[in-house]
Amino acid sequence: MKRFVWIGSAVAVAALAASLWAGAMYDITCETPGCGFKPSSYMGIGGGFVFEQVQGFCKTCNKPVSLTWNRKEDAKKPEPLAEFWDPMTGTVRRLYACPTCGKPFVAITKIEEFRHCPTCGKASLKHTGPTIMYD
């Protein structure tokens, strides 16, 4: 009987550990007929065990972007260009500089915040996933 308890405990711990992902990558497409928007790379949300990141979509570069830093206490975190209160959601949103072009992008903390297509402007984005999960 003790053997079954140990095996059951090991399975439970393994199942719990597998569900503790820090971040995920999503495949995004627009469902508007004729739009054809599909970013060239996945949209990452969340950091990992040893790193943290801010992610968003740069309209100028037309691609998902992120700023990544080490979670160590002495690591330099990127400073937002600005913060604003979003009256649609009631939350404070942050603007960061795109690492490619330097133009501002809005930080996205949940995939559900990325609903409107940057090409057609409609609330028609669909994500599949998480496609890739990481820690």
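Quick notes on this one:
- Local electrostatic count at Glu113 - Lys and Arg +1, Asp and Glu -1, tallied over other residues with Cβ under 11 Å: +1
- Which of Val106, Val65, Val92 has the fewest Cβ neighbours within 10 Å, and the rest in rising order: Val92, Val106, Val65
- Which of Phe51, Phe84 has the fewest Cβ neighbours within 10 Å, and the rest in rising order: Phe84, Phe51
- Per DSSP, loop GluC sites (Glu not before Pro) in segment 52-93 with at most 11 further Cβ within 10 Å: Glu73
- Within segment 73-102, the trypsin sites (Lys or Arg not before Pro) that combine a DSSP coil assignment with at most 16 other C-beta atoms in a 10 angstrom radius are Lys76.
- Among residues other than Val65 with Cβ under 13 Å from its Cβ, the summed charge is +3 (Lys and Arg +1, Asp and Glu -1).
- Sequence of Glu113, Glu31, Glu79 once ranked by neighbouring C-beta atoms within 10 Å, starting from the fewest: Glu79, Glu31, Glu113
- Cβ-based net charge around Glu52, under 11 Å, with every Lys or Arg adding one and every Asp or Glu removing one: +3
- Largest-first principal axis extents of the Cα set of segment 22-134 (Å): 48, 30, 28
Throughout, read-outs are computed from the coordinates displayed, never taken from laboratory work. In this text the structure is predicted, and so the values were computed from the model without any measurement. Every residue, glycine as well, gets a Cβ built from its backbone with ideal geometry; the counts of neighbours run over all protein chains shown.
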